[in-house]
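The values are calculated or read from the model by the stated rules, or taken from the named source; none is laboratory data. These numbers come from a predicted model, not from an experiment. Reconstructed Cβ throughout: ideal geometry from the backbone, glycine too, with neighbour counts over all protein chains shown. In case anyone asks, the SASA skips ligands and DNA or RNA and just uses the protein heavy atoms, side chains included. Shrake-Rupley method; radii C 1.70, N 1.55, O 1.52, S 1.80 Å.
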Amino acid sequence: MNILLWRVEYSGSGGGNRVSQGVVLDKIFNAPDASDLRVFQNGKPLGFVRWEIIPDEVLAGGTNQPVGRVESIRGYSLLLDGRIDVTPLGAKLRFNLSLLLDAKLDWQLLDATVDLPPSIWSFTAASTNQVISVKHDGALGQWERSFPLEKLRDPVSVLESLAGPVVTPLITPLLPSGSPFGQVDGGQPVLGIDWVAYNDAVRIGKAQVRVYRLDAEFSSDQVVTILVSRVGEILRVALPGQLEFVNENVPFRKSDAQ
């Protein structure tokens, strides 16, 4: 379904009052549990994604402090792993990502692997030099390349240089053209997208539940919408190409709610 219809059916009017992005990000990065998401495209199940954030906690010291009390947060580890069916290739894409951020949510280190038989890509990057290194082993031979992170402003050209002519047409429709590095309140980029945050409500089962909604619009037909629970759990993500990520523990889909 398209984004506007999705908003009407699952998030009330699609409006809601604006809220600080920092409030929603704080909830997401301090959520008590991981989010297990099922992946759908045009309503067809494709696989799963697990999203987890682990804070690097500094425990209070001294004999007068309660045992285990958190004094501060040094940073966070954002972990993603999953599997998605790539039907045109008759293969399963497996991936994992580890992203280290500091206490201000500025990224520090990235380490990721994408396995799409017969090829495996490995990615590493550090904020200190703003360079990403890519290793490949498989159908395109064995090679290693590095390029400045600013080239990700044109994700399609980067994908063409890395994935080749077979894989690129399958993924390109899901990528925003000319995606800018967005900023949140305070001027810090978050996930390369300019997000707008709202209070909203959704139907879960027969109940109307308050949630946060994050929207990012690249163009009139390229919108990303994320629904977040009040404790920071990812509930649902809608992406271009009618791609959806749905929390498997929440009865959003009509068949589950009936």
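One decimal place: the segment D56-A91 gains 9.0 nm when fully extended, by the rule 0.36 nm per residue minus the C-alpha distance.
Compared with the alpha-carbon gap, the fully stretched path from D111 to N42 is longer by 21.8 nm at 0.36 nm per residue.
Taking label points 7 Å from Cα along the Cα-to-Cβ direction, A103 and T124 give a separation of 2.8 nm. Taking amide H as placed 1.01 Å from N in the peptide plane, V19 has its amide H under 5 Å from the amide H of A197, Y198, N199, each at least 5 places away in sequence or on another chain. The local environment of V86, defined by Cβ-Cβ distances under 11 Å, has a net charge of +2 under the rule Lys, Arg +1 and Asp, Glu -1. Against the criterion of solvent-accessible heavy-atom surface with a 1.4 angstrom probe, F29, F95 sort, most first, into F95, F29.
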